[in-house]
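Enquirer: Sharing a structure here in structure tokens format.
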Amino acid sequence: MAVQTPCVFIQAGSHPAEDVRRALYAQLGLRGGIVQSGDLVVTANGTPNLTVNVATGQVVIPGTEGTYQGAYICENRGSLSVAIAAADATNPRYDLIVARVRDAAYSGATNTFAIEAVTGTPAASPAEPTVPANSWVLARVSVVALDTTISSGDIVDRRTAGTGQFGQAAALGGTIICTSTTRPTVPAPFEGMKIYETDTDLELTYTGAAWVNTAHMLGWTSYTPTWVQSGTLTSVTVNYAKYTKVGRRCAGNVQLTAVSGAGAVAGNAITVTAPLTAAASAMVVGSGYLYNASNNGTNAIGNYPVQVYLSTTGVFGFLSTDVAPSGVLGVATFAEILQASDVILFHFSYETAT
């Protein structure tokens with residue numbers, strides 16, 4: 001192959017359509033997709049029949065017939081009615097609604113853009129029809145035997161959840177709108193790629209190995225910690241247990257109240273489970289208080305400061321910062337059995353494993 005010259009948009013140059021499409025495709029990070037979330041939505045007719053309606057909108061369709069074909073920017077203006085072929089008398093089938101480009105430079109004799117139905121093959125267990133070249137799948141339509149109407153329940157949205165077409169179109173370096181199950185895969189995600197998941201409200205960045213949370217739009221996430229004193233306390237009120245994660249930093253606050261001492265064993269270490277797996281253990285990651293409400297023989301009623309450390313990568317342990325009276329927690333232990341109304345409250349901040 002040779003250097004492509006003149007380069008696109010050079011002064012006094014002229015360029016074939018393919019070169020211009022390639023330039024636009026590069027600006028989109030070699031990805032296609034609908035432009036806005038409501039673009040080209042497929043819905044049932046207001047009076048159901050064997051047609052569906054396709055909403056106004058734009059879609060970027062990557063060419064699939066040529067190595068350097070680039071992408072086509074296509075638009076539907078206004079609602080478009082698309083006819084569905086008559087149902088089979090015996091078996092169901094799947095049809096696809098596609099946005100399709102025909103380009104005579106690569107095959108055929110026409111140069112058109114259309115939104116059309118691709119009719120599937122009826123079968124007892126039908127399969128979807130083959131997607132035509134240069135197409136973006138908008139929806140799958142189920143057509144049961146002897147069907148005369150298409151309802152909303154027959155339509156599955158595929159605009160951002162089809163094979164090789166996860167997420168909306170976005171400029172190179174921009175944030176790709178998707179869901180947690182439709183993260184972009186084609187082309188493969190690159191280090192620094194950003195996505196926003198509409199079902200989790202998370203903004204994630206790809207590190208080259210994994211998607212990492214860089215901003216949690218909801219702020220705080222609740223979790224249900226387990227409180228242990230050798231045995232798991234079976235009756236605990238979670239007054240507050242929330243965390244936030246930005247990048248690989250997890251921070252949060254916890255307050256737990258014992259309803260009874262059932263499950264606890266006196267003289268043993270007190271631990272509480274962490275919300276996310278830590279990158280390392282055996283380090284101090286926070287501080288707090290143990291409130292001894294029971295005063296059942298060893299320690300006086302009151303608040304006792306504690307340091308929070310990671311006894312394992314998934315469990316918080318507690319060290320006393322006040323050795324009187326009786327050490328309170330001693331060496332990460334509490335001489336008494338935890339009782340009703342005993343409280344532990346603490347904050348933490350640590351590096352997560354991923």
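The values are calculated or read from the model by the stated rules, or taken from the named source; none is laboratory data. All figures in this text were calculated on a predicted structure; none of them were measured in a lab. All Cβ positions, glycine included, derive from the backbone under ideal geometry; neighbour counts span all protein chains shown.
Enquirer: What about ALA26, is it farther than 30 Å from THR149 by Cα, among the small types (Gly, Ala, Ser) and not assigned by TED's automatic domain parsing to the domain that holds ASN134?
Expert: no
Enquirer: Moving on. Could you tell me how many of the residues in the range 205-249 are without any contact (Cβ under 8 Å) to a residue 12 or more places away in the chain and within 13 Å of the chain's Cα centre (by Cα)?
Expert: Result for the range 205-249: 0.
Enquirer: Being of a type in the set (Gly, Ala, Ser), under 30 Å from the mean Cα position of the chain (by Cα) and more than 18 Å from PHE166 (Cα to Cα) is the filter; apply it to the range 118-142 and report the residue that is surrounded by the fewest Cβ atoms within 10 Å (Cβ to Cβ).
Expert: ALA127
Enquirer: For the range 10-49, how many residues are outside any loop (DSSP other than H, G, I, E, B) and closer than 20 Å to ASP95 by Cβ?
Expert: Selection size over the range 10-49: 4.
Enquirer: Quick check: is even one residue across the range 18-31 in contact (Cβ under 8 Å) with a residue 40 or more places away in the chain, crowded, with 19+ Cβ neighbours inside 10 Å, within 17 Å of GLU116 (Cα to Cα) and not hydroxyl-bearing (Ser, Thr, Tyr)?
Expert: So far as the range 18-31 goes, no, none of its residues is in contact (Cβ under 8 Å) with a residue 40 or more places away in the chain, crowded, with 19+ Cβ neighbours inside 10 Å, within 17 Å of GLU116 (Cα to Cα) and not hydroxyl-bearing (Ser, Thr, Tyr).
Enquirer: Going by what's in this entry, would THR163 be described as more than 20 Å from GLN27 (Cβ to Cβ) and surrounded by 12 or more Cβ atoms within 10 Å (Cβ to Cβ)?
Expert: no
Enquirer: Within the range 65-83, track down each residue that is farther than 17 Å from ILE34 by Cα, assigned to a loop (DSSP other than H, G, I, E, B) and in contact (Cβ under 8 Å) with a residue 24 or more places away in the chain.
Expert: Selection gives GLU65, GLY66, TYR68, GLN69.
Enquirer: Here's a check for you: in the range 223-243, which residue that is buried (at least 18 other Cβ atoms within 10 Å of the Cβ) and of a type outside the set (A, V, I, L, M, F, W, C) is nearest to LEU345 (Cα to Cα)?
Expert: Looking at the filtered set, the residue picked out is PRO225.
Enquirer: While we're on this one: Kindly evaluate TRP220 against the criterion of being of a type outside the set (D, E, K, R) and crowded, with 19+ Cβ neighbours inside 10 Å.
Expert: No; evaluated as a whole, the condition is false for this residue.
Enquirer: Sort out which residues of the range 250-261 are over 21 Å from the mean Cα position of the chain (by Cα) and either of a type outside the set (A, V, I, L, M) or outside any strand (DSSP E or B) (or both), and write them in order of number.
Expert: Matches in the range 250-261: GLY252, ASN253, GLN255, THR257, VAL259, SER260, GLY261.
Enquirer: Which ones in the range 177-198 are farther than 16 Å from ALA210 by Cα and either surrounded by fewer than 17 Cβ atoms within 10 Å (Cβ to Cβ) or assigned by TED's automatic domain parsing to the domain that holds GLN27 (or both)?
Expert: If the condition is that a residue be farther than 16 Å from ALA210 by Cα and either surrounded by fewer than 17 Cβ atoms within 10 Å (Cβ to Cβ) or assigned by TED's automatic domain parsing to the domain that holds GLN27 (or both), then THR198 is the only one that fits.
Enquirer: Hey, could you check the range 50-61 for residues that are in contact (Cβ under 8 Å) with a residue 60 or more places away in the chain and assigned to a strand (DSSP E or B) and say which is farthest from ALA2 (Cα to Cα)?
Expert: My answer is THR51.
Enquirer: Let me ask another. Got a number for residues in the range 57-84 being in contact with a Leu (Cβ under 8 Å, 6 or more places away or on another chain) and surrounded by fewer than 15 Cβ atoms within 10 Å (Cβ to Cβ)?
Expert: Residues that pass the stated criteria total 1.
Enquirer: Right, here's the next one. Taking the condition within 25 Å of the chain's Cα centre (by Cα) and in contact (Cβ under 8 Å) with a residue 24 or more places away in the chain, does ALA145 pass?
Expert: no
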